[in-house]
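The values are calculated or read from the model by the stated rules, or taken from the named source; none is laboratory data. Because the structure is predicted, anything quoted here is derived from the model rather than measured. Please note: Cβ atoms are built from the backbone with ideal geometry, for glycine as well, and neighbour counts cover all protein chains shown.
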Amino acid sequence: MIYANRALPRLLLFSLLFTLPVGQMWAAENVPWAKEMAEFAKQDTEQSPAEGGVVFVGSSSIRLWDLPKSLPDMEPAPLNRGFGGSQLSDSIRNVELLVLKHKPQTVIIYAGDNDLAGGKSAERVGDDFGKLVKLIHEALPETKIGYIAIKPSISRWRLAETIQDANARIAKQCEAEDWLTYIDVWNPMLDDQGKPREELFRNDGLHLNDKGYELWTSLVKPLLPEDEADAKSDQ
C-alpha cells in the first residue's frame, strides 16, 4: 500500500504530461531551463525544422549568434539551440530535445565557459564534454561534431590557465575520433601580446560582437556540410 501511494503522484504526472501541449510539458516537469526548453519545443512544433541540417548548441555565445546572417546560403537553415548561462551538463540533460530529435548531419557545440566560471574544474569540463558527445554519437553515429574551444575573453582572463587546461583535454578527445573536430578559436582571438583581442568583444568583455562572430564563422565553415560539398566539387 505504501508503494502504491508513492507511485500514484508519479502516475498522475505521467498521464498529465501526455495530455499537455509540448511546451507546457517541459514546464510541468519543473526541470532547470524549463522556460527555454518549452520555447524550443514550441519552435519545433510550429516550424518543423528539417532533419539532416546543422544544429548549433550551447551557451550564450551560441544564443547570440545571428546564424542566418553568418550563414545565409545554408540549406536547410542552421538551427540555433543556444541558451544563455548554460553549462555542458544542461545540454546533456536536454540532448534529446536540443539535438537528437533533429537528426543533424553536423553539430557545433560551444559550452564549458560558464562551467569554469561557476567553479567546475577543467577535468569536469572534459568529462562532461565526453558524456555529451558520446550521447550524440551513440544515437547518431553518422553525425559529425565540432567543438568550439572555450574562448579567451577579457572578463574571464583570470581563468586563462584553467581554460587552456580544459581545451587541451577536449582537443585530445577530438584527436582520437574522426567524427569529432576541435575548432581552435583560442589562438586566433589573441593579440600580439597574447591577450584577448578587444575588437572582437562587446562592451561586457565576454560576448562577441559582429567582428568576433565573423572570425568564428570563418573557423567553423570548413566543417559545415555546404563547404564539404563545395570541396568535393572542386576536386
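In region 85-128, the residue that is modelled with the highest pLDDT out of those that are on the phi > 0 side of the Ramachandran plot and under 14 Å from the mean Cα position of the chain (by Cα) is 112.
There is at least one residue in region 47-62 that is part of a helix (DSSP H, G or I), within 30 Å of residue 221 (Cα to Cα) and at pLDDT below 95. The residues on offer are 191, 128, 178, 184, and the sole one that is of a type in the set (Asp, Glu) and buried (at least 19 other Cβ atoms within 10 Å of the Cβ) is 128.
Here residue 147 fits the description: among the hydroxyl-bearing types (Ser, Thr, Tyr), surrounded by 20 or more Cβ atoms within 10 Å (Cβ to Cβ), outside any loop (DSSP other than H, G, I, E, B) and touching a Cys at 6+ places or on another chain (Cβ under 7 Å). Filter region 78-105 for residues that are among the hydroxyl-bearing types (Ser, Thr, Tyr) and surrounded by 22 or more Cβ atoms within 10 Å (Cβ to Cβ); which is nearest to residue 140 (Cα to Cα)? The residue in question is 91.
Could you list, in sequence order, the residues of region 208-222 that are surrounded by fewer than 19 Cβ atoms within 10 Å (Cβ to Cβ) and either of a type outside the set (Lys, Arg) or more than 18 Å from residue 109 (Cβ to Cβ) (or both)?
Correct list: 209, 210, 211, 214, 215, 217, 218, 219, 222.
Scanning region 85-116 for residues that are closer than 24 Å to residue 178 by Cα, in contact (Cβ under 8 Å) with a residue 12 or more places away in the chain and of a type in the set (D, E, K, R) yields 101, 103. Any idea how many residues of region 99-139 are β-branched (Val, Ile, Thr) and in a helix (DSSP H, G or I)? The total comes to 3.
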